Structure formats: structure tokens, C-alpha cells
Amino acid sequence: MIDTGDTWKLGVLFSETGPTAIIESLQQRGALLAIKEINAAGGVAGRALEPVLCDPGSDPQRYGLLAEKMISEDCVRVLIGCYMSSARKEVLPVVERRNVLFFYPTLYEGFEYSPNVIYGGACPNQNSVPLASYLLENYGNRFYFIGSDYIYPRESNRVMRNILRQGGGEVVGEVYVPFEAGPEEFARILRDVAEKAPDAIFCTTVGETTVQLYRAYHAAGHDGRRVPIASLTTNEAEIATVGAQVGVGHITAAPWFNTLDTPASRRFCANYQREFGPDIQVTSCAEAAYFQTHMFAAALDKVGSLDPDQLRECLLGASWDAPQGQVKIDPDNNHTYLHSRIARVDERGDFIVQREVIRPVKPDPYLVTPDLNDRRLRLRKAMPKARTS
Amino acid sequence: MSNLISNLRSLNVLVLHPRDSDADDLVQQLNRIGCPVEAIWPLPDSLPPAVDVVFAEVKEAIPPGLSKLFSPRPDQRPTLIGLIGYENPSVLGGLLDLGVQTVITKPFRAFGVLSALMMARHAWLERLEALRNEEKLRTKLEHINIITEAKFIVMRHHKINEKEAYKVIRSHAMSRRCSTIEIANAIINADGLLSKLVVDPKDGRD
């Protein structure tokens, strides 16, 4: 593992093919954009950052194998990557055994800590409570859960059910869709939705399944403006894929939306689209990959070495002015203080922020049941600036 | 049992381990889990009040100061989790002597502490529940013996069958507003007393 090059290597482990490529390719671009910006500004301590790219093809086991390969063959000592928890779980033992620092820029279900991981996405206490209170306040108290069939949706639903119950909410249906589900599966689910007539759908499907679900929902005659699909994962790219007609009215909770009108956010969007083309949508997961890569470079600049222990010491407690606003790595648990915003898709297919939490929310990855009335999670009406111009 | 999971943060945890990086790692993970944690070293003379779970280092010889911290009565001792660096027979014997519910091995990893904490607490709660049931059954068995004995006394004295004898005892209990077991005990005592008075023949002659 002797670094002989005159660049700083960063392993970038996102799928460009397979069911989650729709999200992960955007995360990959987020990391690549940050690298490009850093290098354009002269690199770190006079050396350029060099991305080492691998495509695990959305197959969890391949993530572990490729992480191992990047470490042993490409001398990588810092990695960024992974979307699904099942993929992260494959990489975790590898980075711990080889003592490699691993940035994970994705929301997930919590209940994990590894000294080798810096978590850049939201855990349930940061996004579930704001979404639940918004839905209870604006739509009603009967909910239908639809999720993909793996750990994240099941754990998210457990948390959501607990929070909704505190506010008098009721779960009238709960289904898990396999990744290979076809149209008849969605038709069957949507017949049940029509029968149970919920006030909102809480959706934890990911990737292609999300696109199919939103399309089928619209095709079956449901209207997102009346009974929305609410999600923690559905993003700009998926809404662009299904189109404004299908997407209108649906709701997502995330730290950042591409309509956020702040200088840092505008700059990020403009650079992203200049780099990858105007048709490419920017998403909150891409934003997380982007700010994590920048935070890594800032730490590397201070430490002057890729030594994971030194980098971690420098990163814990560090803050950065991300597109979503100020973020900070919590030294207690390696997760990140994040903003929390609720946005609704308008007639043009844009996410318009409706509510936001005033301050970044402290991550609490081991919280079994978030409190609906937690005053740190109170929502305020979004600032008028947080709209598309 | 999901109650146990959502109540984990209310457990008061004590860590008895020399102050080193192992202890730091464990205490930090317990903080992340969200339990109120206290770490004490060297061993205190007694446990702080209201400790629910103790993580204690177990080596080849258990210091007397450690075992004396824990009452032999299961309902008066906290849930115990052993922290071990070796698993040779001496250490294993120590774990049994101390009566731990589960073990965490060194070097500590964050992953696994939560499951160990929950399963140890679960085992401790189940043991307590089993003891309570055992106690209840023991009392019940004693009561059955007492009532049976009282029934036989009543049957002998009144030449009635067992069912009727029980009726007599129960109606007495009801009219005096006390339990059948109290009446049964009173009958046995009275019978003992009476039989003593009658049996000694010398008393009558003198």
C-alpha cells in the first residue's frame, strides 16, 4: 500500500449499470464534480485528486470485491461510494480490515457506527419526523406503505409507523415490492390502495421501482395533488424520468433540492450542469457525494497525508458550507448534521420547498423511536427565496 | 419484547474496566446507543444506586472486590456482561463464577454491543420471571399441602367426604373474611393442640 504516484487517489464506488444506477451515477458525478473543482483550483498541496472508478453493477457482493481490488491493486486508501445498505454491508468489513476511510453519501436506516465510515446522508431521526408531521398536518391520518423488499424500507416503515401513531395516524396497508416486479404486481397493489383509500402513501421503493410505481399510480387514475406519494428517496432525476404530469403533487423530504436558491446551491447546480449537460438532474444524494468529497479534500489539505486515522481526526467536528447550507460531522458518531426540507412537485415538475427545519439536525443513528413532538424538528414555512426563479 | 428494544435508552449502564482505549471505545458506543453510562476504575466499594447493567472485565482470577459488588440474590443484582481478552478455561470459569448473562470480546467493535446489551438484559429478565414463577408455584404447592391436611382433619372429625370438608373450610373463610389458607392453618394448629390435650392420659388420672 505504498503510494508512489504524484496524485491523491480517491476510490469512487458507484454503479453505472443495474437497478440503482439511476441514483448512483448521479452520486458518482457529484464526487467527480468536486474533484474537478478541487483540481481546477490547483489540487491539494500541489497534487491533483485522481478518481479511481469501478462499476459494481448494482450487485452488493461486487461492491466488497471491488473495494478490496481498489485497495490492494490501486493503492486506494480513501473511498466514497454505495447506495443500498446491502452494498455498504459488503464494503464495511473490507474497509475495517484494511483500515481505509470510507465516505457513504446516502441516507440509510441508522443503527451503525464504524470508525472507518463517515456518513453523509440522513438517518431516520433527521428526515422521518419532519415528513410525518407535514403529512399529518396537511393530508390526514390514514397511510399506506409501499416499499422495496430489503432492509432500508422495512426499518424506515417501522420508524414511520411509530412516529405516525404518536400523532394519531394509522397504517391501513403495507406492501413490499420485489425489484423484479412487473406491471401486474403494481396493478394489484394499486387496486388495494384504491380500496383502502388512504390520505397519503409513504413510499420507500428505490431506483427503477420508484419510476414504475409513480407511473402506475398515475395510470390507475390517482392524483398526487389529492393523495400524494411521500418519500425520503424520490428525487429530481426520478421525477424528470416520469414527467411533470405523473409527478405533480408528490412529496419528498431531503436535505437539499435543486430549486434551493442560495449562492452555494446555485453554484453547485450551474457547475454540475455545465460539466454533465443541462439534461442531467442534480439530486440530494449527488449533493452529499459532492460535499463529502470537498470535506475530504479540505481535511487532506490540512493533514497532508492519506493516513485514515489522521484524516478522521481532522474530519470529526469539521464543518463545510455545502449547497444545502452549513453541515458538520458529528464527532460522537461520524454521521453528519444535516438540513431537513419538505418539497412538493409543482406543475412544471420542480420540487418546491414547502417547509424546513430551522437548524441542521443532529444525527442520532441509534434512536429507536424518534419523537414526533421533538422541538428541534419543528418546521417553519420555507423562506420565499427557496423557490425557483 | 419490542418494549425491551424501545426502552434500551432508559438502562443505567456501568463499565468496570481499566481506563484504556478499549474502555473508551465501549463507553463511546454505549453513548451512541444512548444509555446513561458511568465508567468507574479502580473497582468501587459498592455499586452506585440504580445501576441496571454492568459491563465488567473478567480475567483469570476474579478479584474479591468484584464479586462482592453483586448480591447472590438474582433479583438484587444487575444484568452482567463480561468483557474478556482471553477465552482459556480460567477466564471461562471466571465468567461462570461471576454469573454473567453474556460476553463481549476484545478488541471491542461498535458492532455487536447493542445486541449483546439487549440479549443480556433479555436473559436477565427471563431469569427473574422464571424465579418469580418458581416462587409462586412453591407457595401454591405449600398451600395445597396445608389445605389437604386441614381437609383430612375436618373429614375425620365430622365423618364427611373430601368435597364437603373443603366446602366447610371455604364457607368459614368467607364468613370470617379471610383466606382458606388461614382457616386451614387454624384448623391444623387447633387439631395439634387438641390432640395433645387428649392424648396424654396421665393428665386425666391425677
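The values are calculated or read from the model by the stated rules, or taken from the named source; none is laboratory data. Because the structure is a prediction, the values reported are computed rather than measured. Ideal geometry is used to build each Cβ from the backbone, glycine not excepted, and the neighbour counts take in all protein chains shown.
Please find, among A:L107, A:L101, the residue that is of a type in the set (A, V, I, L, M), closer than 29 Å to A:D332 by Cα and over 17 Å from the mean Cα position of the chain (by Cα). Don't jump to the end; show me each part of the working.
Numbers: A:L107 fails: over 17 Å from the mean Cα position of the chain (by Cα).
It is A:L101.
Give the residue that is surrounded by the fewest Cβ atoms within 10 Å (Cβ to Cβ), with candidates limited to residues of the range A:7-49 that are small (G, A, S) and not in a loop (DSSP other than H, G, I, E, B). Give the steps one after another, and end with the answer.
If we filter the range A:7-49 for residues that are small (G, A, S), which is where we start, we get A:11, A:15, A:18, A:21, A:25, A:30-31, A:34, A:40-43, A:45-46, A:48.
Next cut, not in a loop (DSSP other than H, G, I, E, B) only: A:11, A:21, A:25, A:30-31, A:34, A:40, A:48.
Details: A:G11: 26, A:A21: 19, A:S25: 19, A:G30: 31, A:A31: 28, A:A34: 25, A:A40: 10, A:A48: 15.
In this case the residue turns out to be A:A40.
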So, in the range B:120-161, exactly how many residues are farther than 27 Å from B:G99 by Cβ and among the acidic types (D, E)?
2
Any residue that is out of contact with any Pro (no Cβ under 6 Å at 6 or more places or on another chain), among the hydrophobic types (A, V, I, L, M, F, W, C), crowded, with 21+ Cβ neighbours inside 10 Å and assigned to a strand (DSSP E or B) - is there at least one of those in the range A:54-62?
yes
If A:K89 satisfies every condition in (1) in contact (Cβ under 8 Å) with a residue 12 or more places away in the chain; (2) more than 14 Å from every other protein chain (Cβ to nearest Cβ) but one, which is the exception?
(2)
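Given the options A:I352, A:I329, name the one that is touching a residue at least 60 places away in the same chain (Cβ under 8 Å), in the same structural domain as A:K36 (by TED's automatic domain parsing), touching a strand residue (DSSP E or B) at 6+ places or on another chain (Cβ under 8 Å) and of a type in the set (V, I, T). Show your work before the answer.
Numbers: A:I352 fails: in the same structural domain as A:K36 (by TED's automatic domain parsing).
After ruling out the rest, the residue left standing is A:I329.
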Keeping to the range B:15-43, report how many residues are touching a helix residue (DSSP H, G or I) at 6+ places or on another chain (Cβ under 8 Å) and not in a loop (DSSP other than H, G, I, E, B).
8
All but one of (1) buried (at least 16 other Cβ atoms within 10 Å of the Cβ); (2) on the phi > 0 side of the Ramachandran plot hold for B:G112, so report the exception by its number.
(1)
If you go through A:D346, A:D364, the only one that is surrounded by fewer than 22 Cβ atoms within 10 Å (Cβ to Cβ) and in contact with a Cys (Cβ under 9 Å, 6 or more places away or on another chain) is A:D364
Working only within the range B:108-161, note down all residues that are within 14 Å of another protein chain (Cβ to nearest Cβ) and among the aromatic types (F, W, Y).
B:F108, B:F111
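Is it the case that some residue within the range B:120-140 is closer than 30 Å to A:R97 by Cβ and part of a helix (DSSP H, G or I)?
The first filter runs over the range B:120-140 and keeps only residues closer than 30 Å to A:R97 by Cβ, leaving B:120.
Remaining after also requiring part of a helix (DSSP H, G or I): B:120.
Yes, the range B:120-140 has at least one match.
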Scan A:R341, A:R380, A:R376, A:R359 and give me the residue that is in contact (Cβ under 8 Å) with a residue 40 or more places away in the chain and either more than 20 Å from A:L32 (Cα to Cα) or not assigned by TED's automatic domain parsing to the domain that holds A:I80 (or both).
A:R341
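Take residues that are exposed (fewer than 12 other Cβ atoms within 10 Å of the Cβ) and at pLDDT below 90 and tell me which of the helices (runs of 4 or more DSSP H) falling wholly in the range B:161-206 contain 2 or more. Working first, answer last.
Working: elements: B:162-175, B:180-199, B:202-205.
Counting at least 2 such residues, we get B:180-199, B:202-205.
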Provide a single number: the residues in the range A:105-117 that are away from every other protein chain (no Cβ under 14 Å) and aliphatic (A, V, I, L, M).
1
Return only the number of the condition from (1) of a type in the set (A, V, I, L, M, F, W, C); (2) in contact with a strand residue (DSSP E or B) (Cβ under 8 Å, 6 or more places away or on another chain); (3) buried (at least 18 other Cβ atoms within 10 Å of the Cβ) that A:V282 does not satisfy.
(2)
For the range A:260-268, check the following and say yes or no: at least one residue is touching a helix residue (DSSP H, G or I) at 6+ places or on another chain (Cβ under 7 Å) and either crowded, with 24+ Cβ neighbours inside 10 Å or closer than 19 Å to A:S25 by Cβ (or both).
yes
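Could you grab me the full set of residues in the range B:33-50 that are within 14 Å of chain A (Cβ to nearest Cβ) and either among the aliphatic types (A, V, I, L, M) or in contact (Cβ under 8 Å) with a residue 60 or more places away in the chain (or both)?
Looking only at the range B:33-50, we keep the residues that are within 14 Å of chain A (Cβ to nearest Cβ), and these are B:33-37.
Residues satisfying the conditions are B:I33, B:C35, B:V37.
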Any idea which residue in the range B:10-32 is nearest to the other protein chains (Cβ to nearest Cβ), counting only those that are surrounded by 14 or more Cβ atoms within 10 Å (Cβ to Cβ) and within 28 Å of the chain's Cα centre (by Cα)?
B:L30
